1. Please go through segment 286-319 and give me each residue that is in contact with a helix residue (DSSP H, G or I) (Cβ under 6 Å, 6 or more places away or on another chain) and not in a helix (DSSP H, G or I), ordered by number.
2. What number goes with the only condition from (1) modelled with pLDDT of 90 or more; (2) touching a Leu at 6+ places or on another chain (Cβ under 6 Å) that ALA324 does not pass?
3. When you look at ALA296, is it open to solvent by 10 Å² or more (accessible area, probe 1.4 Å) and out of contact with any Cys (no Cβ under 8 Å at 6 or more places or on another chain), yes or no?
4. Check off (1) modelled with pLDDT of 85 or more; (2) not in a helix (DSSP H, G or I); (3) not charged (D, E, K, R) for ALA283 and give me the number that stays unchecked.
5. Within segment 264-293, which residues are more than 18 Å from the chain's Cα centre (by Cα), of a type in the set (A, V, I, L, M) and open to solvent by less than 40 Å² (accessible area, probe 1.4 Å)?
6. What is the residue count in segment 306-321 for residues that are farther than 12 Å from LEU339 by Cα and crowded, with 22+ Cβ neighbours inside 10 Å?
7. Look at THR179 and say whether it is among the β-branched types (Val, Ile, Thr), modelled with pLDDT of 80 or more, open to solvent by 60 Å² or more (accessible area, probe 1.4 Å) and not in a helix (DSSP H, G or I).
8. Just to be sure, is ILE231 over 15 Å from VAL198 (Cα atoms), without any contact (Cβ under 8 Å) to a residue 24 or more places away in the chain and more than 26 Å from the chain's Cα centre (by Cα)?
Amino acid sequence: MNGLIPTEEPRRMRGDGFWRKTWAMLVKEFIQLKRDRVSFIMIVTIPLVQLLLFGYAINTTPRDLPTAVLLQESSDVGRSILAALKNTRYFKVTELPRSEAELDRLLASGKVLFGVEIPANFERDLRRGDMPAMLVAADATDPVAASSALSALGRLVQTALAHDYAIPQAASAPFEIRTHARYNPAAKTELNIVPGLVGTILTMTMLIYTALSVTREIERGTMENLLAMPITPIEIMLGKIIPYVLVGFVQAAMIIAIGVFLFGVPMLGNLGVLAALSTLFIATNLSIGYTFSTVAQNQLQAMQMSIMFFLPNILLSGFMFPFAGMPTWARWVGEALPLTHYLRIVRSIMLKGATVTDLHYDAAALAVLMLVAMTIAVTRFRRTLD
């Protein structure tokens, strides 16, 4: 009977063996994680970056929005309104245009989000009680940034004139504010989101495609074949990037076509300009992704680097939250991200009909980012070959 019925001793030994093997596997995984420093850094860094960005950089109530004020007359009332705009946290007067045409150019180029025009004879009509109108043009391509500031504008100006006893006192405001939400009068969110999705999807796909390119060759063992060929690093890089440029171009064309025909997003600008600048943006992201592929030791690390770079692009570019509402340090970081400049480009061309002249700053920024990324990628790849 004792030979047929297992005793407690073997059961206990089997139990001890189970936990001993589990513990050995656990220790092995921690050692592996310790050796994979890139993965360990990502585990710590990604939640930390998310916490800092959401806690400090993201603000759904934008402040210090760039504003241009056109004074058609030099008067005490005009100066009082200008001083009130400067003292508020909603508006930041950055431009003083001299004509309506200059004001329109500032709005079209995206240098300002609001244009306030105080017409000629405004003070005279105000003192007579003739109910003059102050004109306010808002860049409504970002409805969230425009709505909160417009709602505060009436109270702001009324407060500025409260101590001017020469103005007749009345139960209602002694003036009229005529607002014009340009480029998106109905405040449709899809007009803001759909063009932004072009850049967001391209950033995600282009980074991942190229970030895996070199590491895939290494893991498959085909890198030795490339090294044996009479080919330079720049030729290898261009050969890997150019096919994805075409893929990205097809993606962009598909998304824009769906946005125009399905969601009713207008195409007011030149399609050729948009295509050229989209190609520049695609090449910039491919260069950055290629840089990651030369740094990463395997495909997992390359994917982690891509996600780490994609996260601030989404949060600090103005895609999800108003760019103008972020603190200064967050805007500086955003200016170093390709998606920030491309969002301005695609929204300005599609919704405003902007030209290359209006977008020269963002186009130049993309070109500089691309050259820097390509230089780093080629340098890193040469070191890999050595």
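The values are calculated or read from the model by the stated rules, or taken from the named source; none is laboratory data. In this text, all values refer to a predicted model and were calculated from it rather than measured experimentally. Neighbour counts are summed over all protein chains in view; Cβ atoms, including those assigned to glycine, are modelled from backbone coordinates with ideal geometry. Surface areas here come from the heavy atoms of the whole protein model, side chains and all, with no ligands, DNA or RNA. Shrake-Rupley method; radii C 1.70, N 1.55, O 1.52, S 1.80 Å.
1. Those that are in contact with a helix residue (DSSP H, G or I) (Cβ under 6 Å, 6 or more places away or on another chain) and not in a helix (DSSP H, G or I): ALA296, ASN298, SER317, GLY318, PHE319.
2. (1)
3. Numbers: open to solvent by 10 Å² or more (accessible area, probe 1.4 Å): no; out of contact with any Cys (no Cβ under 8 Å at 6 or more places or on another chain): yes.
Here the answer is no, as ALA296 does not meet what is asked.
4. (2)
5. If the condition is that a residue be more than 18 Å from the chain's Cα centre (by Cα), of a type in the set (A, V, I, L, M) and open to solvent by less than 40 Å² (accessible area, probe 1.4 Å), then VAL265, VAL273, ALA275 are the ones that fit.
6. Count: 2.
7. yes
8. It is true that ILE231 is over 15 Å from VAL198 (Cα atoms), without any contact (Cβ under 8 Å) to a residue 24 or more places away in the chain and more than 26 Å from the chain's Cα centre (by Cα).
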